[in-house]
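A.B. asks: Before I ask anything, here is the structure I am working with.
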Amino acid sequence: MKIVILDGYTENPGDLSWEGFEKLGDLTVYDRTPADKIAERIEGAEAVIINKTPLSAETIAGCPTLKYIGVLATGYNVVDVQAAKDRGIPVCNIPTYGTAAVGQFAIALLLEICHHIGEHSQSVHNGDWESCVDWCYWNYPLIELDGKTIGIIGFGRIGQTTARIAQALGMKVLAYDQYENKSLESDTMKYTTLDDLLAKSDVISLHCPLFESTQGIINKDSIAKMKDGVIILNNSRGPLIVEQDLADALNSGKVAAAGLDVVSTEPIHGDNPLLKAKNCIITPHISWAPKESRQRLMDIAVDNLEKFLAGKPQNVVNS
Ligand code: NAD
């Protein structure tokens, strides 16, 4: 079987092995594929594996040998799944692989806001401690989380993982989700309405998927309902936030700080208002990317293709 991976670099920049795929066929891996090279590179391929490279109806139609599409991610919106289905081609994704890493990263953003460890270390290396008249100093207000309330919007796998770490730090959890699993409630975790969560939380962390109903859920009206000095975290999807509204609230001090791993357009555009907003930490969509998570993703992607070859496809999103 001829297998082509069109954009393998972010999954495996060199610290993992493609050997699982190599065992299943004749493998070609491209780090990245520009739009005008897709058709040429998948010519004659039976299995095409992508991460973010689009596979349109036209591209699929132009590859008569194609039998299988694998996605190295959970989201598969880059593939025309209906066009694939019409040809009887299964599109297989990775439903979950990085829950622990993404929950950990949400709290890492929060701890960075609370302590600015990286910047304090840089300041020490720059000589500021050596020349300090006092025995210690800090360049930002430091924040203790014990006893504070974190509001989690979207209490699924990652939301619950984030909550468990927050509880270990002594935080109380308020959760808002369309579907409440009351068995998860405890002395330190309660479901509530969105408005109540907005009004009572010291920290608000977004963990719902991007749907029409959640797009722009953080906007000037919802921010107005929050406590003054609230902290906002988002490592779910950028469009959950109306970025100009958050930038305005950061600049006015209504929102004390934000920690973001995702933005509305990725890579970020130079004119994104959050780049110049006060107290805004932005990382380049890396919550998912520890080696352990990428290895899990690789293992499931290989298993998906193996199961397809055995006539028992799994994780099919267009059945
Ligand atoms: P999940 O499906 O387990 O949980 C999502 C939860 O959101 C569910 O409980 C669902 O009921 C809830 N929800 C859906 N619509 C809602 C609404 N309108 N209001 C409130 N809650 C709503 O998914 P998960 O594995 O926890 O992942 C959550 C999100 O994390 C993903 O959708 C993705 O956007 C994001 N993510 C980001 C990265 C990264 O690297 N930054 C990696 C993986 C996932």
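A.B. asks: For the chain, what does the equivalent ellipsoid look like in terms of its semi-axes, each the square root of 5 times an eigenvalue of the Cα gyration tensor, given largest first in whole Å?
C.D. replies: Value: 40, 23, 19 Å, ordered largest first.
A.B. asks: Here is a follow-up. Applying a 10 Å radius around every beta-carbon, put 299-310, 261-272 in order of their mean neighbour count, most first.
C.D. replies: On the way: 299-310: 17.9, 261-272: 14.2.
Top of the packing list down: 299-310, 261-272.
A.B. asks: Once you have all Cα-Cα distances for the range 131-216, histogram them in 5 Å bins from zero and send the whole-percent values.
C.D. replies: Going from the shortest bin to the longest, the percentages are 3, 14, 23, 21, 13, 8, 6, 5, 4, 3, 1, 0.
A.B. asks: Could you order the peptides 140-149, 80-89 from most to least packed, using the average number of other C-beta atoms within 10 Å per residue?
C.D. replies: 80-89, 140-149
A.B. asks: Can you send over the carbon and sulfur percentage of the accessible area for the range 1-82, probe radius 1.4 Å, protein chains only?
C.D. replies: Carbon and sulfur atoms account for 50 percent of the accessible area of the range 1-82.
A.B. asks: If you put +1 on each Lys and Arg Cβ and -1 on each Asp and Glu Cβ, how big is the dipole of the range 1-47 around its Cα centre, in Debye rounded to 20?
C.D. replies: 60
A.B. asks: Sticking with this one: Suppose every K and R has +1 on its Cβ and every D and E has -1 on its Cβ; what is the size of the dipole of the chain about the Cα centre, in Debye to the nearest 20?
C.D. replies: 700
A.B. asks: Sorted from largest down, what three extents in whole angstroms do the Cα atoms of the range 146-186 have along their principal axes?
C.D. replies: Largest first, the range 146-186 extends 28, 17, 15 Å along its Cα principal axes.
A.B. asks: Ok, one more. Could you derive backbone 3J(HN,Hα) for the range 231-241 from the dihedral phi with the Karplus parameters 6.51, -1.76 and 1.60 (θ = phi - 60°), listing whole Hz in sequence and x where the residue is Gly or Pro?
C.D. replies: 10, 10, 10, 9, 10, 9, 9, x, x, 5, 10
A.B. asks: With unit charges on the beta carbons (Lys and Arg positive, Asp and Glu negative) and the dipole taken about the Cα centre of the chain, which residue among ASN234, LEU66, SER183 sits farthest to the positive side?
C.D. replies: Checking the options against the dipole of the chain, the answer is SER183.
A.B. asks: Give the calculated FRET efficiency between GLN167 and ALA61 to the nearest 0.05, with a Förster radius of 41 Å applied to their Cβ-Cβ distance.
C.D. replies: 0.20
A.B. asks: Expressed as a whole percentage, what fraction of the accessible surface of the range 86-230 belongs to carbon and sulfur atoms when a 1.4 Å probe is rolled over the protein heavy atoms?
C.D. replies: Reported share for carbon and sulfur atoms: 54 percent.
A.B. asks: Provide, as a two-decimal number, the C-alpha radius of gyration of the range 4-132 over 2.2 N^0.38 Å, N being how many residues it has.
C.D. replies: Normalised Rg, Cα atoms only: 1.50.
A.B. asks: Using Cα-Cα distances under 8 Å and only pairs 6 or more residues apart, what relative contact order does the range 115-264 have, in percent?
C.D. replies: After rounding, I find 18 percent.
A.B. asks: Around TYR191, which amide H atoms from residues at least 5 apart in sequence, or from another chain, sit under 5 Å from its own amide H, with H modelled in the peptide plane?
C.D. replies: ALA175
A.B. asks: Whole number in Å², please: accessible area per residue of the range 192-319, 1.4 Å probe, ligands, DNA and RNA not counted.
C.D. replies: Working: 6050 Å² over 128 residues.
Ligands and nucleic acids excluded, the result is 47 Å² per residue.
A.B. asks: Okay, next question. What lysines sit close enough to LYS23 to cross-link, taking a C-alpha to C-alpha distance under 23 Å and skipping anything fewer than 8 places away on the same chain?
C.D. replies: Of all the lysines, those that pass the test against LYS23 - Cα under 23 Å, at least 8 places apart if same chain - are LYS2, LYS67, LYS291, LYS307, LYS312.
A.B. asks: Carbon and sulfur atoms: what percent of the 1.4 Å accessible area of the range 249-294 do they account for? Kindly include the intermediate steps, with their values, before the conclusion.
C.D. replies: On the way: 1310 of 2300 Å².
Carbon with sulfur: 57 percent of the solvent-accessible area.
A.B. asks: Could you give the length gained on full extension between CYS136 and SER123, defined as 0.36 nm per residue of separation minus the Cα-Cα distance, in nm?
C.D. replies: 3.5 nm is the gain from fully extending CYS136 to SER123.
A.B. asks: Still on this structure: Would you mind calculating the gained length between LEU275 and GLN295 on full extension (0.36 nm times residue separation, minus the Cα-Cα distance), in nm to one decimal?
C.D. replies: So the chain would gain 4.0 nm between LEU275 and GLN295.
A.B. asks: Could I ask something else about it? Just going by the charge dipole of the range 14-152, with Lys and Arg at +1 and Asp and Glu at -1 on Cβ, which of ILE42, HIS115, ALA57 is farthest out on the positive end?
C.D. replies: About the Cα centre, the residue reaching furthest to the positive side is ALA57.
A.B. asks: Take each of the peptides 288-297, 94-103, 196-205, average the number of other beta-carbon atoms within 10 Å over its residues, and list them starting from the highest.
C.D. replies: Listed from highest to lowest mean packing, they are 196-205, 94-103, 288-297.
A.B. asks: Assigning unit charges at the beta carbon (Lys, Arg +1; Asp, Glu -1) and nothing else, what dipole magnitude in debye, to the nearest 20, does the range 84-160 show about its Cα centre?
C.D. replies: The dipole magnitude comes to about 780 debye.
A.B. asks: By how many nm would the segment from LYS190 to ARG32 grow when fully extended, if each residue of separation counts as 0.36 nm and the alpha-carbon distance is taken off?
C.D. replies: Contour length minus Cα-Cα distance gives 52.4 nm.
The values are calculated or read from the model by the stated rules, or taken from the named source; none is laboratory data. Keep in mind it's a predicted model, so treat the numbers as computed, not measured. Glycine also receives a Cβ, built like all others from the backbone with ideal geometry; neighbour counts cover every protein chain displayed. We work out accessible area using only protein heavy atoms, side chains counted, and drop any ligands, DNA or RNA first. Shrake-Rupley method; radii C 1.70, N 1.55, O 1.52, S 1.80 Å.
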